[in-house]
Amino acid sequence: MSKIYHIVKAGNHWAVKNNGLTLSGHNTQKEAIESGKMIAKLTNGELSIHGKNGRIREKNSYSSNPFLKG
């Protein structure tokens, strides 16, 4: 499983997804972002936050490798 997580709109809710699989669902984008950050930090992964239109509006790396941070 890749270590790239996405916060996306899923119907009337927001979801944290990885490789197309929903890891968690939330009522607000803020809740989904907090959950996604926790998962990304625990796995030294990346988090892509998508807006309502589906486009990435923010990307963060939580890798412990300083060369992978952007």
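Read the figures in this text as sums done on the coordinates, not as results from a lab. The structure presented is a predicted model; accordingly, all values stated were derived computationally and were not measured. Don't worry about glycine lacking a Cβ; one is built from the backbone with ideal geometry, like all the others, and counts go over all protein chains shown.
Listed values, structure above:
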| item | result |
| --- | --- |
| Approximate spin-label separation residue 34-residue 56, in nm, with each point projected 7 Å along Cα-to-Cβ | 2.5 nm |
| Surrounding net charge for residue 41, when Lys and Arg each add one and Asp and Glu each subtract one, Cβ distance under 12 Å | 0 |
| In the range 1-52, lysine pairs with alpha-carbon atoms under 14 angstrom apart (chain gap of 8 or more, or interchain) | 8 |
| Pair-distance profile P(r), taking every C-alpha pair of the chain, with 10 angstrom steps and integer % | 24, 56, 18, 2 |
